[in-house]
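Step one of this worksheet: look at the structure below.
The values are calculated or read from the model by the stated rules, or taken from the named source; none is laboratory data. What you see is a predicted model, and the numbers here were worked out from it, not measured in a lab. Every residue, glycine among them, receives a Cβ derived from its backbone with ideal geometry; neighbour counts consider all protein chains shown. The accessibility values were calculated without ligands, DNA or RNA, using every heavy atom of the protein model including side chains. Shrake-Rupley method; radii C 1.70, N 1.55, O 1.52, S 1.80 Å.
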Amino acid sequence: MKVVSAEFIKSATEPSQYPEGELPEVAFVGRSNVGKSSLINAITFRKNLALTSSTPGCTRLINFFKVNDQISLADLPGYGYAKVPVASRRAWQPMIETYFKRRKSLKTVVLILDVRRYPSEKDIDLIHWLRKYKIIPIIILTKTDKISKSQAKLRQHQVKEVLGLTTDPILFSTRTGEGKDTIWGAIQNSLAAENPHFIQ
Ligand code: GTP
Ligand code: MG
């Protein structure tokens, strides 16, 4: 997709603070430090639209962005990192659960995994939990620049098997730019579908 404009809208913790409007929304979830905010910057071709850090737990609120005045993006705080302070870890679950339950304009969920790791118990719990809400996420394997192409291919196959996916997870790296177009393609397909990634 050609990104003409990309802007930060606001941060929120609860529904009363979510931006109003009917733009279809895409939410980005995954473990702390996996690269959610970096991926948002990469696909919008902006260096610092979403704040990133090498310290896990950087994103603590739900941050909303708007692309081309057409699509809303929600950068969610990550989970599952022991070094993140207990208070933020406790705040995560109700904040995220409420978001998934209440955000009516949410159309697509993008789950980001580190290509070097197997999906964690938390990742798998999240996938199962999303299923309850009839959501099938788009799966991205990020940081492919850290391993060889053949290792990445192998991991792509393994993750597909382990998670029982019907399509290949998307290989992505902010360093090489691999996967950006595929991600937009998957998002656009999902948004164009009648009931995108939601099981009927
Ligand atoms: P939280 O907000 O803490 O949940 O983290 P996040 O998932 O938003 O991660 P963030 O985008 O802040 O990135 C975490 C670290 O990973 C940063 O140091 C990034 O530079 C690095 N990173 C992100 N994507 C890539 C990638 O594709 N390749 C490499 N090598 N590093 C990456
Ligand atoms: Mg972040």
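Residue-level check: of (1) without any contact (Cβ under 8 Å) to a residue 40 or more places away in the chain; (2) open to solvent by less than 30 Å² (accessible area, probe 1.4 Å), Gly78 misses just (1). Among the residues of this structure, Val115 does not count as one that is aliphatic (A, V, I, L, M) and open to solvent by 40 Å² or more (accessible area, probe 1.4 Å). In segment 24-44, the qualifying residues are those that are of a type in the set (Ser, Thr, Tyr) and closer than 16 Å to Leu113 by Cβ, and the one that is nearest to ligand 2 (Cβ to nearest atom) is Ser37.
With the condition kept exactly as written, say whether any residue in segment 18-35 is away from ligand 1 (no atom under 15 Å from the Cβ), open to solvent by 60 Å² or more (accessible area, probe 1.4 Å) and in contact with a Leu (Cβ under 8 Å, 6 or more places away or on another chain). Taking every residue of segment 18-35 in turn, none turns out to be away from ligand 1 (no atom under 15 Å from the Cβ), open to solvent by 60 Å² or more (accessible area, probe 1.4 Å) and in contact with a Leu (Cβ under 8 Å, 6 or more places away or on another chain). Restricting segment 36-53 to residues that are of a type outside the set (Gly, Ala, Ser) and in contact with a helix residue (DSSP H, G or I) (Cβ under 8 Å, 6 or more places away or on another chain), the residue that is nearest to ligand 1 (Cβ to nearest atom) is Thr52. Here segment 45-54 is the region considered, the condition is being within 8 Å of ligand 2 (Cβ to nearest atom) and out of contact with any Asp or Glu (no Cβ under 7 Å at 6 or more places or on another chain), and the residue that is most open to solvent (accessible area, probe 1.4 Å) is Leu51.
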